[in-house]
Amino acid sequence: MLEFIPLLDKHSSVPIYVQLYQYIKQKIEDGDIPEGALLPSIRYLSGQLKISKNTVDGAYQQLLAEGYVASKARVGLVVLPLEQPVLSPSLQEIKYKSKVPMDNKEETFEYDFKYGDIDVNFFPIQIWKRCLTQALTDELEQLLSPGERQGYVGLREELANYLFQSRGVVCSEEQIVICSGTQHAISLILQLLSKNGERSVAMENPSYDGAKSVFNNHGWSIKPIRLEKDGIDIEQLKKVEAKVAYITPSHQFPYGMVLSIQKRLLLLEWANQNGSFIIEDDYDSEFRYQGQPIPSLKALDAKENVIYLGTFSKSFSPAVRVSYIVLPQRLMDAYNHMYGNYYQSVPSIVQKGLYILMNEGHFTSHIRKMRKVYENKHKTLVDALNKYMGNHIEIIGQKAGLHLLVNVKYRSTEELVKEAKKVGVRVYDPTLYALNDSEVNSSLIMMGFGGVSEEKIDKGVQLLNKAWFNGDN
Ligand SMILES: Cc1ncc(COP(=O)(O)O)c(C=O)c1O
């Protein structure tokens, strides 16, 4: 008969029956109690260990429930065979290894013209800390609740004000939905529009890959639309059958052109006649360096066909993961019907922090400051490109945003990126954003400048000139 000598600690917070169960389970897993062995009877073990029969019974019931032992009529509890994988795997063994590359640790470069970076040196960290601390001083009941489903009303009111002042958007806070980033916002919209059977979307070609992934994952078919100097080709758009168009009118991603006023009106007309919705992604319009700020497409949307998307990622920080949708009023009932029972996904403390930031005027002064910072960087980049290699290149989409494109005449992007790497400079291939192979010029280079210092911008362009043209202007 099996002899059990467990160390049972009567003063432990772990009940005795659990200690006994753990002891026997461990012995089975370690192979000390072999398959087919018979556990001692309840009466015998309770007498031997000087514990109650109920305690032994409790441990045995747990072993039975987890399949370590089985009850055999007129015999008792018999130990079952243990499949190897059931044994607790070591941490090493259970580590998941993806076959798909995810956020690869990339080589680092001294001069990295990466798109999407902001200038962290000017981030108002002290102010942001104060806003978050202040957000934490709310009444406990409020502080510990998940918050309003569409988002904190104070933040939505601030946004409605801000959008009217800076983007000409006329909306009430009731039309605003707070989301965790642009992709989350697009997902919500797609499910809403799918209700009417919509499944295809027209997109500028090339376009934002982050949006493309969401359309693909929702099973939507993408109709690529050619770009002209002043934006999307409206004639081609009219020919494809799409009840939804996703576009970046204020600063086309990645080409950077601004959609002309003529085309804006034609686009709205198309939506109206076709019964279509336009998803306007206004991701970086705060930063404009030439001419007057251009109102959003939504500002011209008298017929309520535009679904407007904005984000704090460029204007404040991509780390807060907060974006917002302005829904046309005619979609509000459908929205409430579909999402009225969904909880808000952005933590209420972050939303309140942003509310305080906007309400106390810090957000607008931060944007004002950053506009100057980015304008200087933009000027440094454009000046350096013109100065060091003006004869060989053409700058595209340079009026706004945190990136521009360079057309290096008669050269291939692939070769240019490779040669730049050899001198420690990283520049990017915008054809990665192409929806199909045609229509996309393959001598273009994409250069982000938000996170690069002015000094590095100038030096980096000098190095590019050396790599691409042997320093010969
Ligand atoms: C076209 C476009 N839209 C939106 C975003 C921002 O997305 P999010 O709000 O998820 O940070 C980006 C950022 O790179 C972008 O390029």
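Rounded to the nearest 20 debye, the dipole size of the chain about its Cα centre is 140 debye, using +1 on the Cβ of Lys and Arg and -1 on the Cβ of Asp and Glu. Looking at S52, A70, P249, which one has the Cα that reaches farthest to the positive end of the dipole of the chain (charges on Cβ: Lys, Arg +1; Asp, Glu -1)? Farthest towards the positive pole: S52. Using only Cα atoms, find the angle between the long axis of helix 413-422 and the longest principal axis of the chain, and express it within 0 to 90 degrees, rounded to the nearest 10. Tilt of helix 413-422: around 70 degrees. In terms of its Cα atoms, the chain spans 95, 57, 49 Å along the principal axes, sorted from long to short. Across all Cα atoms of the range 195-284, the radius of gyration (one decimal) and Dmax (whole number) stand at 12.1, 35 Å. When +1 charges are put on Lys and Arg Cβ atoms and -1 charges on Asp and Glu Cβ atoms, the dipole computed for the range 202-256 relative to its Cα centre reaches about 140 debye.
Amide H to amide H distances under 5 Å link D138 with no residue, where only residues 5 or more positions off or on other chains count and H is placed in the peptide plane. Taking 25 °C and 0.890 mPa s as conditions, the range 216-351 diffuses translationally at an estimated 149 µm²/s according to Stokes-Einstein applied to its Kirkwood radius (Cα pairs). Its residue count N sets the reference 2.2 N^0.38 Å, and the alpha-carbon radius of gyration of the range 123-364 equals 1.01 times that reference.
The angle between the Cα long axis of helix 454-469 and the main principal axis of the chain comes to about 80°, on a 0 to 90 degree scale. Maximal additional length on extending the R330-L140 stretch stands at 64.7 nm, based on 0.36 nm per residue less the C-alpha distance. Ranked by the mean number of other Cβ atoms within 10 Å of their residues, highest first, the peptides 366-373, 256-263, 73-80 come out as 256-263, 366-373, 73-80. Set Lys and Arg Cβ to +1 and Asp and Glu Cβ to -1, take the dipole of the chain about its Cα centre, and tell me which of I457, N196, A334 lies farthest positive. In the chain, that residue is I457. Between the helical axis of 182-194 and the longest alpha-carbon principal axis of the chain there is an angle of about 90 degrees.
Among 188-195, 40-47, the peptide with the highest mean count of other Cβ atoms within 10 Å heads the list, and the full ranking is 188-195, 40-47. Summary of packing: across the peptides 60-67, 312-319, the per-residue average of other C-beta atoms within 10 Å ranks them, highest first, as 312-319, 60-67. Projecting the Cα positions of L309, Y343, A319 onto the charge dipole of the range 271-374 (unit charges on Cβ atoms of Lys, Arg, Asp and Glu, taken about the Cα centre) puts A319 furthest along the positive direction. Dividing the helix sum by the residues of the chain, where each DSSP H run of 4 or more adds -39500 (n - 2.57), gives a mean residue ellipticity at 222 nm of -12500 deg cm²/dmol.
Each value in this text was obtained by applying a stated rule to the coordinates, not by laboratory testing. Remember, it's a predicted structure, so these values are computed and weren't measured experimentally. Because the Cβ atoms are built from the backbone with ideal geometry, glycine has one as well, and the counts that use them run over all protein chains shown.
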